[in-house]
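A quick write-up on the structure given underneath.
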Amino acid sequence: MTPIKKLLLIFIFTLVALYISLPSKFILFGKEISRPGLNLKIKQVEIKKNFDLVFGLDLAGGSHLVFEADMSKISDDKKKTALTSVRDVIEKRVNLFGVSEPNVQVSSFEGKDRVIVELPGIKDTKEASALIGTTAQLIFAQVEGEGEEAKLIPTGLTGADLKSADVQFDQTTGKPVVALEFTKEGTVKFADLTQKNIGKPLPILLDNQVISYPNVNEAITGGKAQITGDFTTDEAKKLAIELNAGALPVPISLVEERTVGATLGGESVSRSVIAGVIGLGMVLLFMVLSYGRLGLVADMGLIIFGILTLALYKLIPVVLTLPGIAGFLLSVGMAVDSNILIFERFKEEKVRRGFSDALEVSFGRAWDSIRDANIATLVTAFILANPFDWSFLHTSGPVRGFAITLALGIGISLFTGLVVSRNLLRVFIREKKEMKK
Amino acid sequence: MNWMKYRPLYLLLSMVMIGAGLFSLFRWGLNLGVDFKGGAMAEYKTQNVISTEEATRKIEEKGIVVSSAQAIGADAYLFRLGNINNDQRGIINTVLSDLGGTSEELRFENVGPSIGPELIKKTVYALIIAASLILLWVTIQFKSFKFGTSAILAMLHDSLVLLGAFSLLGHAFGAEIDFLFVTAMLTILSFSVHDTIVVYDRVRESQKKLGGSLYDLANRAITETMVRSLNNSFTIIFMLVALVLLGGTTVKWFAIALLIGTVSGTYSSPFVAVPILVTWDELLKKLKRH
């Protein structure tokens, strides 16, 4: 393939990337232009992409909660299962709570078992963390003894015997109640229990607190019951969610919380964009001032770098965090490095041999440095990104975001620095030289 | 140019830089943020301007200890507190909306005391792994332990400069050591080595072609890579300065940390890593002669 053909290919490639990297709606010369997303249907396979940037919690707003599980009463061999079931229960609760795209993961480090919960777009974390944090151990108890000596004896009927829980409103009082439906087994247990306790109370305990103290009038065989307490509608809803999701096998406590409001996030995005544009402008200018025509070529390479990177962020998609944006800006600064290395080399080689020869030699010679140096950076990016979730390294979202954008930036800058600018130089710079002859 | 002639000067400069940092580290220590120390940090935006003293007094009246309160920009306020629960968090918001018309919680961080020590451990592991892998890579690539070790020593130099600088900045301007600082520190490691490798590469290349003493090769390599090193640093510095000035409060110190690291990393390649390499080589030769 001739350099011109290669350039054409790169040009088409860049146009596609440009299309993807444009915002879905933007204003150009006072006109609002909207970029349609991709909706393809090839036989059964449906491809739907709207190519929007995905923002992390610190930019879109949301909450990052870390809970620590109290495993003191769990034997070592059962810890892993317990933690997994904690995660599952939390996941169910969060889903029932109505958070879109929550992220729940476990992390164990030096004997501490944690569950990390990420809730995008949540404003009232107070409610969310309370909902996640309660153990929600539901137990039906029997009362033995009379008066002062009355004792609550837990029965075998627990939250595990529930099929579902629902908020309903009491027809006479209008107050919210939680309607319970038992599983087959639970129905039998409940019928048995009510049979034995006719005329007596059958208290319902949640996390060892009595929440309802109903009296049994007759044996209930239909497998349905109601918890009537002094609830508000929200409290009843929360209880229903907890019961539906099941009880946590171990108690958990909140050890870390980070919540960012959407206002602050949006401000950070616009500030970073301004910083990026100004910084980029300065780099572009600097390259032209330092290297003249060659610098112009590097600038074209850099702009292509920006477009490709943005398109890749959307395609993968990379969850952009504030440090992630910093990583991107840093990689813009580093992206021209390969060009600078080559151009400096070219200055030396130009004295020794012909123009186009010198160019090719510079590319070849500079490659060793570029490869060795960038691999060292990739090593660090790899450790920061921790792709295998090694528990002895950081697993935090922002740091990971930074490492991923940095690593991607290095990869793409190798492509634009070596392939794109090389072909640009071959076509533009060489032809100009031949014209002089 | 005979760069190696001025080795004592470079040593002096590095010693002054690191010495000042170490002095500050022992004298004032590091200004640790909630990520390391534990505690809570909350940022609020109010409709009307409020006085931080009055807000602090009103919050403390409710029995919540405020360690510091600080105005950010025109209408935002940052409070640092001990670990607080959700009820106390609600109380603060109520107090502030009473004072400032309305109050919006922009960000809230509450970190338990067990997180910090863990963060330090994980950072140390990350540092050790990154440094060992880079040492391995450089040693293999340049077939010499000398090259690898001097690159790592230059890296250590940059880390010390950055840590010392942040101790000073923390003392003078309240710069905090947080999670992002750790990220910056690790990035600087790779940065420092990136630059060093470019110089080494030149040494290796002329060694093959021309031969001669490491002293001369090093001088030659530094001369050849000087403009490149400076220019490359400039482009990175442009991006970082833009971020420091315009990027907002959350990333400001992160960008400053990267900036200090970039400058130190650029300096340390020709003036720390290479001098160590050359001196090591000379010492080895002297030993052999005896």
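Below are the figures for this structure:
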{"quantity": "When residues of the range A:355-382 are limited to those that are facing chain B (nearest Cβ under 8 Å) and in contact with a Phe, Trp or Tyr (Cβ under 9 Å, 6 or more places away or on another chain), the one farthest from A:V106 (Cα to Cα)", "calculated": "A:S369"}
{"quantity": "Boolean, B:L210 is within 25 Å of the chain's Cα centre (by Cα) and hydrophobic (A, V, I, L, M, F, W, C)", "calculated": "no"}
{"quantity": "Test set (1) more than 15 Å from the chain's Cα centre (by Cα); (2) in a helix (DSSP H, G or I); (3) at the interface with chain A (Cβ under 10 Å from one of its Cβ atoms) - B:L153 fails condition number", "calculated": "(3)"}
{"quantity": "Residue list for the range A:38-77, restricted to those being surrounded by 13 or more Cβ atoms within 10 Å (Cβ to Cβ) and modelled with pLDDT under 70", "calculated": "A:K49"}
{"quantity": "Of residues in the range B:253-279 being at the interface with another protein chain (Cβ under 10 Å from one of its Cβ atoms) and more than 30 Å from B:L214 (Cβ to Cβ), the one surrounded by the most Cβ atoms within 10 Å (Cβ to Cβ)", "calculated": "B:L258"}
{"quantity": "Those residues of the range A:264-294 which are more than 18 Å from B:L243 (Cα to Cα), more than 8 Å from chain B (Cβ to nearest Cβ) and surrounded by fewer than 21 Cβ atoms within 10 Å (Cβ to Cβ), in sequence order", "calculated": "A:V288, A:L289, A:G292, A:R293"}
{"quantity": "Matching entry among B:S67, B:S24 (being of a type in the set (S, T, Y) and in a strand (DSSP E or B))", "calculated": "B:S67"}
{"quantity": "Residue list for the range B:76-94, restricted to those being assigned to a helix (DSSP H, G or I) and under 23 Å from B:G38 (Cβ atoms)", "calculated": "B:N86, B:D87, B:Q88, B:R89, B:G90, B:I91, B:I92, B:N93"}
{"quantity": "Criterion (surrounded by 22 or more Cβ atoms within 10 Å (Cβ to Cβ), polar (S, T, N, Q) and either within 11 Å of another protein chain (Cβ to nearest Cβ) or free of Cβ contacts under 8 Å to residues at least 12 places away in the same chain (or both)) met by exactly one of B:T235, B:T223, B:T249", "calculated": "B:T235"}
{"quantity": "Residues being more than 8 Å from every other protein chain (Cβ to nearest Cβ) and hydrophobic (A, V, I, L, M, F, W, C) - total across the range B:182-203", "calculated": "5"}
{"quantity": "Filter result (among the β-branched types (V, I, T) and more than 43 Å from the chain's Cα centre (by Cα)) within the range A:173-209", "calculated": "A:T173, A:V188, A:T194, A:I198"}
{"quantity": "Which listed residue is charged (D, E, K, R), modelled with pLDDT of 85 or more and either assigned to a helix (DSSP H, G or I) or in the same structural domain as A:E118 (by TED's automatic domain parsing) (or both), from A:R400, A:R430, A:R345, A:R426", "calculated": "A:R345"}
{"quantity": "Filter pass, A:D170 being closer than 30 Å to A:Q105 by Cα and more than 14 Å from chain B (Cβ to nearest Cβ)", "calculated": "no"}
{"quantity": "Per-region count, the range A:210-240, residues part of a loop (DSSP other than H, G, I, E, B) and among the hydroxyl-bearing types (S, T, Y)", "calculated": "4"}
{"quantity": "Residues of the range A:128-154 satisfying the condition of being out of contact with any Ser or Thr (no Cβ under 7 Å at 6 or more places or on another chain) and more than 23 Å from A:S85 (Cβ to Cβ)", "calculated": "A:V143, A:E144, A:G145, A:E146, A:G147, A:E148, A:E149, A:A150, A:K151, A:L152, A:I153"}
{"quantity": "Boolean, A:T259 is in contact with a strand residue (DSSP E or B) (Cβ under 7 Å, 6 or more places away or on another chain), in contact (Cβ under 8 Å) with a residue 12 or more places away in the chain and assigned to a strand (DSSP E or B)", "calculated": "yes"}
{"quantity": "Which listed residue is over 30 Å from B:P275 (Cβ atoms) and touching a Leu at 6+ places or on another chain (Cβ under 8 Å), from B:E118, B:E176, B:E105, B:E109", "calculated": "B:E176"}
{"quantity": "The range A:237-253, residues that are surrounded by fewer than 20 Cβ atoms within 10 Å (Cβ to Cβ) and within 14 Å of chain B (Cβ to nearest Cβ)", "calculated": "A:S253"}
{"quantity": "Some residue of the range A:13-23 being of a type in the set (S, T, N, Q) and either in a helix (DSSP H, G or I) or at pLDDT 85 or above (or both)", "calculated": "yes"}
{"quantity": "Matching residues in the range B:119-148 - criterion: being free of Cβ contacts under 8 Å to residues at least 60 places away in the same chain, part of a helix (DSSP H, G or I) and surrounded by fewer than 18 Cβ atoms within 10 Å (Cβ to Cβ)", "calculated": "B:K121, B:V124, B:Y125, B:I128, B:I129, B:S132, B:L133, B:L136, B:T139, B:I140, B:F145"}
{"quantity": "In the range B:156-215, the residues that are at pLDDT below 90, assigned to a helix (DSSP H, G or I), within 30 Å of B:L30 (Cα to Cα) and of a type in the set (D, E, K, R)", "calculated": "B:D195"}
{"quantity": "Options A:L312, A:L359: the member that is assigned to a helix (DSSP H, G or I), under 40 Å from the mean Cα position of the chain (by Cα) and not β-branched (V, I, T)", "calculated": "A:L312"}
{"quantity": "Count of the range B:1-60 residues which are within 14 Å of chain A (Cβ to nearest Cβ) and surrounded by 15 or more Cβ atoms within 10 Å (Cβ to Cβ)", "calculated": "14"}
{"quantity": "Subset of the range A:383-392 (residues that are buried (at least 19 other Cβ atoms within 10 Å of the Cβ) and at the interface with chain B (Cβ under 9 Å from one of its Cβ atoms))", "calculated": "A:I383, A:L384, A:N386"}
{"quantity": "Lone unmet requirement of (1) in contact (Cβ under 8 Å) with a residue 60 or more places away in the chain; (2) buried (at least 21 other Cβ atoms within 10 Å of the Cβ) for B:I197", "calculated": "(1)"}
{"quantity": "Candidates B:G90, B:G112, B:G164, filtered to the one that is touching a residue at least 24 places away in the same chain (Cβ under 8 Å) and facing chain A (nearest Cβ under 9 Å)", "calculated": "B:G112"}
{"quantity": "Pick from the range A:93-109, criterion over 16 Å from A:V66 (Cα atoms) and in contact with a helix residue (DSSP H, G or I) (Cβ under 7 Å, 6 or more places away or on another chain), ranking: surrounded by the most Cβ atoms within 10 Å (Cβ to Cβ)", "calculated": "A:F97"}
{"quantity": "Single unsatisfied condition, A:T172 versus (1) in a loop (DSSP other than H, G, I, E, B); (2) of a type in the set (S, T, N, Q); (3) in contact with a Leu (Cβ under 7 Å, 6 or more places away or on another chain)", "calculated": "(3)"}
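Residues checked against (1) at pLDDT 80 or above; (2) of a type in the set (F, W, Y):
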position	(1), (2)
A:T380	yes, no
A:L384	yes, no
A:P387	no, no
A:W390	no, yes
A:I404	yes, no
A:I412	yes, no
A:L418	yes, no
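The values are calculated or read from the model by the stated rules, or taken from the named source; none is laboratory data. These figures come from a predicted structure and were not determined experimentally. In this analysis, Cβ positions are derived from the backbone assuming ideal geometry, glycine residues included, and neighbour counts consider all displayed protein chains.
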